[in-house]
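Peer 1: The structure's right below; bear with me while I get my questions together.
Throughout, read-outs are computed from the coordinates displayed, never taken from laboratory work. Everything numeric here is computed off the predicted structure, so don't read it as measured data. With ideal geometry, Cβ positions are generated from the backbone for all residues, glycine too; neighbour counts draw on all protein chains shown.
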Amino acid sequence: MRMNLKGSLPLLILHVLSRGANHGYQIAKRIKQQSEGVLDFKEGTLYPTLHNLEKQGLIEAFDHEEDGRMRRYYRLTQNGHAALEAERANWKQFSGAVDRVLKGESTS
Amino acid sequence: MTTPQQQEIDRWLDTATRGLSRKTARLARQELYTHYLDAFDTYRDEGKSSDEAHHAALADLGDPRVTGTGMRDTHNAERRYWIAAAASLAYPILVMLELAGQMPYNVQGALVYNGVILVTVLIMMDAMRTLLATRCNLNVRWRTYAVSAGVSIVALTSIAVYAINPLYATCFGATAVPLAEVFNASWLTGAVLLGISLVWLGEAVLRVRPSSIFFRPMCIFAILNGYLIAAHGATFGLGMCNAASVLLLAFFFCNSIHHLMWTAVFYFAARRESRSPLQAA
């Protein structure tokens with residue numbers, strides 16, 4: 001099963017980068033591997049999202065040469081850590097609410 | 001890598017970085033090309049042939065036009081917002097000139113008035129699509145296309161009316177002359193399409209940002225304008241000239257306020273973009 005993760009991609013990127021600095025190709029691989037292929041996306045769309053997060057000051061980029069290739073690495077900023085925590089809390093609240101509805105529990 | 005493969009990835013990169021500044025395009029191109037090479041090498045290590053690895057790596061990257069749209073939305077936003085802020089000021093100025101009797105009732109006047117409205121709406125819709133996609137993660141592409149189509153039909157009909165006979169413009173429905181029915185139908189279609197699409201656009205944004213101090217009043221005005229222009233189109237087409245005139249005046253007034261609000265939104269959006277870390281780098 002493949003799912004569209006357009007709205008969740010920034011959260012997933014921030015989460016991957018919370019484990020350490022990384023470049024675009026590895027970020028895409030991590031998301032696909034850790035979701036066991038369920039969260040699938042075209043990797044070209046990762047870069048506008050990365051650049052947008054950089055523009056918002058949530059991540060910062062630096063160049064690093066590796067295996068003879070100049071790679072652009074990204075790492076979380078302080079604002080990025082705060083945004084990740086807020087987004088995680090939102091996601092938990094949202095998924096918890098969906099779970100409760102699917103399990104048929106009443107909130108009243 | 002073979003020459004045809006290199007040419008194909010070059011074409012992909014050209015499309016994905018089109019419209020960016022030279023410096024940004026160079027950086028983005030290098031980053032995307034490294035991604036492609038990493039994927040190509042991985043597929044080769046897995047035992048795929050050079051051709052299979054190339055096609056698999058390109059397939060992973062996806063449609064270059066989608067990447068290009070995202071890149072332009074991210075990197076060209078500031079310029080777009082400044083232009084859109086200036087464009088959204090044009091409508092209230094035109095309305096003031098029209099109400100002050102400064103717009104000539106001839107084909108040149110109609111060309112200037114409707115032409116400026118058409119161009120400014122197209123600029124605003126493009127900037128609005130970028131703003132809502134990058135800030136609200138909301139895709140309103142088809143809604144903005146529908147608004148643009150509605151405005152285009154109304155503006156082009158108005159220009160055609162003046163070009164053929166300025167007297168038609170006094171009130172289509174009451175003018176029993178050849179082609180009047182065609183203009184009536186065209187105007188009515190454009191106005192109703194514009195009205196419905198404004199309501200459609202306003203409701204979509206209102207759902208995502210129901211309490212935003214910026215978006216809530218603007219969505220309410222967009223929806224109000226939608227109903228006003230649709231009602232104006234309908235009454236105009238049916239020959240109810242007095243009602244159509246009152247509705248048009250109300251639309252002018254509300255739409256001028258709506259455009260002034262958008263001027264402020266685009267101005268603040270442009271200022272925000274100019275302070276972003278990427279611009280400072």
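Peer 1: Just for segment B:63-86: of the residues that are charged (D, E, K, R) and more than 14 Å from B:Asp126 (Cα to Cα), which one is farthest from the other protein chains (Cβ to nearest Cβ)?
Peer 2: Step by step, filter segment B:63-86, then rank; the result is B:Arg65.
Peer 1: Out of B:Ala77, B:Ala39, which single residue is in contact (Cβ under 8 Å) with a residue 40 or more places away in the chain and of a type in the set (A, V, I, L, M)?
Peer 2: When all the criteria are applied, what remains is B:Ala77.
Peer 1: If you take the residues of segment A:52-108 that are surrounded by fewer than 14 Cβ atoms within 10 Å (Cβ to Cβ) and among the aliphatic types (A, V, I, L, M), which of them is nearest to B:Leu32 (Cα to Cα)?
Peer 2: Ranking the candidates gives A:Met70 first.
Peer 1: Would you tally the residues in segment A:28-47 being within 12 Å of chain B (Cβ to nearest Cβ) and β-branched (Val, Ile, Thr)?
Peer 2: 1
Peer 1: If you check B:Leu122, B:Leu138, which single one turns out to be within 21 Å of B:Gly68 (Cβ to Cβ) and touching a Leu at 6+ places or on another chain (Cβ under 7 Å)? Don't jump to the end; show me each part of the working.
Peer 2: On the way: B:Leu122 fails: touching a Leu at 6+ places or on another chain (Cβ under 7 Å).
Every option except B:Leu138 fails the conditions.
Peer 1: Can you find a residue that is surrounded by 13 or more Cβ atoms within 10 Å (Cβ to Cβ), more than 30 Å from B:Ala269 (Cα to Cα) and within 14 Å of chain A (Cβ to nearest Cβ) anywhere in segment B:20-29?
Peer 2: no
Peer 1: Listed residues B:Trp187, B:Trp200; which is of a type in the set (A, V, I, L, M, F, W, C), touching a residue at least 12 places away in the same chain (Cβ under 8 Å), away from chain A (no Cβ under 14 Å) and within 28 Å of B:Thr74 (Cβ to Cβ)? Spell out how you get there, then give the answer.
Peer 2: On the way: B:Trp187 fails: within 28 Å of B:Thr74 (Cβ to Cβ).
The unique qualifying residue is B:Trp200.
Peer 1: From B:Val208, B:Val265, grab the single residue that is under 16 Å from B:Pro92 (Cβ atoms) and either surrounded by 20 or more Cβ atoms within 10 Å (Cβ to Cβ) or not acidic (Asp, Glu) (or both).
Peer 2: Values: B:Val208 fails: under 16 Å from B:Pro92 (Cβ atoms).
None of the others qualify; the one that does is B:Val265.
Peer 1: Turning to a different aspect of this structure: Could you check A:Arg69 against (1) more than 8 Å from chain B (Cβ to nearest Cβ); (2) out of contact with any strand residue (DSSP E or B) (no Cβ under 7 Å at 6 or more places or on another chain); (3) of a type in the set (Lys, Arg) and say which number it fails?
Peer 2: Only one criterion in (1) more than 8 Å from chain B (Cβ to nearest Cβ); (2) out of contact with any strand residue (DSSP E or B) (no Cβ under 7 Å at 6 or more places or on another chain); (3) of a type in the set (Lys, Arg) is unmet by A:Arg69, namely (1).
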